[in-house]
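A quick write-up on the structure given underneath.
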Amino acid sequence: MTNARETTPDFSLADELEETDAWEDDADLEEDGFESGYADDEPDPEEVPTVGAMELAERHQLRRVASLRTELEDITEVEYRQLRLERVVLVGVWTEGTTQDAENSMAELALLAETAGSEVLEAIYQRRQSPDPATYVGRGKVEAIGEIVRATGADTVICDGELAPSQLRNLEDRLKVKVVDRTALILDIFAQHAKSKEGQAQVELAQLQYMKQRLRGWGGNLSRQAGGRAAGGDGIGGRGPGETKIETDRRRINDRIAKLRRELKQMKVTRDAKRSQRQAGQVPSVAIAGYTNAGKSSLLNRLTSAGVLVEDALFATLDPTTRRTTTADGRVYTMSDTVGFVRHLPHQLVEAFRSTLEEVADADLLLHVVDGSHPDPEGQIAAVREVLADIDALDVPELIVINKADAADPMVIARLQAREPHSVVVSAKTGQGIAEALARVEAELPRPAVEFEVLLPYSRGDLVDRIHRAGEIESLEHTADGTLVKGRASESLAGDLAAYAVAASS
């Protein structure tokens, strides 16, 4: 018995194509959740977030909820506390300068407070020849501030200056709220934004140095340490003078400071080794410095595509970033971003960050970024140069970069250019003037010292590559005998090229 062959109707291409006319288009299929099996799972390189974008998203994931406080009410043990500010009143003392200078200083203090996470309720300042040694603002003004605090419901008073321990104690005793000075506020912001191990160690060292001078006891906290069954003041360990708690705290702080200095010393060895390696390779270095929130990180991203974090906030980035880049003619150099400066930058921070700031002092060129839209850009320049003097970096060649040209007043830019002739105007946001800035940077880079003219055989392509990366080529010609190159090179590279000098071969 055989199987019968099944019959099929005749195939018609026209009929098949007619049936496809009713199919939905691709857009409708996507709306219905259809996904092609041939879809490319690889993400678009342009849509991959940078490291800075991911850090910014992580920073904004945590938000402070108003009226929910977790801080203990007992604030008498130590003068320095990690700030959890909610509602603050700003207080300043104006001793010199114009009224505009005082208002600019208070506006900057308000930005610092908001960066730390607080809500500014009121800001007052007074004119005095010098701050009051007991209460910073004087007895009468303390009573007025107390009335403002009670009327607004503020829980913190921030003073625009570094207060002595006695001033902090007297103000807290009379105002009955927490009092914080400008130094503690800046240290708290640094503690929030430090990411690297070295940055966290530097900030902690500055905090401990600040805290060490402001240890304070109250009541039983000043009593001697009691051991065993001496809780009632009797027994072994309860007789005679003992180590007080404030002495114990000071000893522990000193031990921690010594440990941090040892760790930072080891980190400094690593940083110096990397710097010496770049110097041995004759790689020029460019350092970007300037006032905080002047746009240094944005400029670094524009010049090198570094992808570092950018945020419209004071001290948004603290950890230095170094990127390797090349000039238009192929020369290699490095560009480094540094921590931002501010008026009255705490000396503890300058000391703690000295190893990081040495990158500026050892640079071949300094890009001094200035916020052209700021009310007082000249004051920013003066404040930055004051810190540069502290780290012995005033001798580094300086190029003023006036940033934020898209938001600045043209009259202010013209005034700055007249004051600083060695300057360039850019906008890191829009890209205005970036090409000119790069050209100025390449022109300011140190030129190799030794002139040469060599005929390199085609087998020494490695030397041609080194000339492109570390030298300066004036002319290059391919001949029958080899590559004829004329230009400038460093002493070490010129020594390797000496065997192929044209004068020696003729």
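The values are calculated or read from the model by the stated rules, or taken from the named source; none is laboratory data. Every value quoted in this text rests on a predicted model; they were computed, and no experiment measured them. Glycine gets a Cβ as well: all are built from the backbone with ideal geometry, and neighbour counts include every protein chain shown. Note: accessible area is taken over every heavy atom of the protein model, side chains too, but ligands, DNA and RNA are not part of it. Shrake-Rupley method; radii C 1.70, N 1.55, O 1.52, S 1.80 Å.
Yes/no matrix, rows are residues, columns are (1) surrounded by 15 or more Cβ atoms within 10 Å (Cβ to Cβ); (2) modelled with pLDDT under 75:
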| site | (1), (2) |
| --- | --- |
| E243 | no, yes |
| D249 | yes, no |
| D255 | no, no |
| A258 | no, no |
| K268 | yes, no |
| S276 | no, yes |
| A280 | no, yes |
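Could you check the stretch 109-141 and list, in sequence order, the residues that are closer than 14 Å to V93 by Cβ, surrounded by fewer than 20 Cβ atoms within 10 Å (Cβ to Cβ) and among the hydrophobic types (A, V, I, L, M, F, W, C)? Across the stretch 109-141, the qualifying residues are A123, I124, A134. Can we say A154 is in contact with a helix residue (DSSP H, G or I) (Cβ under 6 Å, 6 or more places away or on another chain) and either outside any helix (DSSP H, G or I) or crowded, with 16+ Cβ neighbours inside 10 Å (or both)? The answer is no for A154. Of the residues that make up the stretch 128-138, is at least one closer than 27 Å to T317 by Cβ and not in a helix (DSSP H, G or I)? No - not one qualifying residue is present in the stretch 128-138.
Checking each residue in the stretch 390-399 for being aliphatic (A, V, I, L, M), surrounded by fewer than 21 Cβ atoms within 10 Å (Cβ to Cβ) and under 21 Å from P421 (Cβ atoms) picks out L394, V396, L399.
Looking only at residues in the stretch 175-184 that are basic (K, R) and either buried (at least 22 other Cβ atoms within 10 Å of the Cβ) or assigned to a strand (DSSP E or B) (or both), the one that is nearest to the chain's Cα centre (by Cα) is R182. Among residues of the stretch 180-193 that are free of Cβ contacts under 8 Å to residues at least 24 places away in the same chain, those with a Cβ under 9 angstrom from a residue that is not charged (D, E, K, R), sequence gap 6+ or separate chain, pair up as D181/Y136; D181/I158; D181/C159; D181/G161; D181/L163; D181/Q167; D181/L168. Scanning the stretch 90-105 turns up at least one residue that is closer than 19 Å to N293 by Cβ, in contact (Cβ under 8 Å) with a residue 40 or more places away in the chain and in a strand (DSSP E or B).
Between V401, V387, V369, the distinction of being part of a helix (DSSP H, G or I) and either on the phi < 0 side of the Ramachandran plot or charged (D, E, K, R) (or both) belongs to V387 only. Among the residues of the stretch 482-491, is any in contact with a Leu (Cβ under 8 Å, 6 or more places away or on another chain), surrounded by fewer than 18 Cβ atoms within 10 Å (Cβ to Cβ) and of a type outside the set (K, R)? Yes; the residues of the stretch 482-491 include at least one that is in contact with a Leu (Cβ under 8 Å, 6 or more places away or on another chain), surrounded by fewer than 18 Cβ atoms within 10 Å (Cβ to Cβ) and of a type outside the set (K, R).
Restricting L416, L438 to those that are touching a Pro at 6+ places or on another chain (Cβ under 8 Å) and assigned to a helix (DSSP H, G or I) reduces the list to L416.
Going by what's in this entry, would D395 be described as free of Cβ contacts under 8 Å to residues at least 12 places away in the same chain and assigned to a loop (DSSP other than H, G, I, E, B)? Considered against the rule, which asks whether it is free of Cβ contacts under 8 Å to residues at least 12 places away in the same chain and assigned to a loop (DSSP other than H, G, I, E, B), D395 comes out as yes.
On the basis of being open to solvent by less than 50 Å² (accessible area, probe 1.4 Å) and farther than 26 Å from G471 by Cβ, does V441 make the cut? Against the criterion (open to solvent by less than 50 Å² (accessible area, probe 1.4 Å) and farther than 26 Å from G471 by Cβ), V441 does not qualify. Looking only at the stretch 185-205, decide whether some residue is open to solvent by 50 Å² or more (accessible area, probe 1.4 Å) and over 30 Å from M267 (Cα atoms). Within the stretch 185-205, none of the residues are open to solvent by 50 Å² or more (accessible area, probe 1.4 Å) and over 30 Å from M267 (Cα atoms).
The lone criterion from (1) at pLDDT 85 or above; (2) open to solvent by 80 Å² or more (accessible area, probe 1.4 Å); (3) more than 38 Å from the chain's Cα centre (by Cα) left unmet by R415 is number (3).
Looking only at the stretch 341-351, residues that are more than 15 Å from the chain's Cα centre (by Cα) and not in a loop (DSSP other than H, G, I, E, B) come to 3 in all. Does P457 satisfy the condition of being over 30 Å from V339 (Cβ atoms) and either polar (S, T, N, Q) or modelled with pLDDT under 90 (or both)? It is true that P457 is over 30 Å from V339 (Cβ atoms) and either polar (S, T, N, Q) or modelled with pLDDT under 90 (or both). Inspect all residues belonging to the stretch 362-371 and state whether any of them is surrounded by fewer than 19 Cβ atoms within 10 Å (Cβ to Cβ) and at pLDDT below 85. Scanning the stretch 362-371, I find at least one residue that is surrounded by fewer than 19 Cβ atoms within 10 Å (Cβ to Cβ) and at pLDDT below 85, so the answer is yes.
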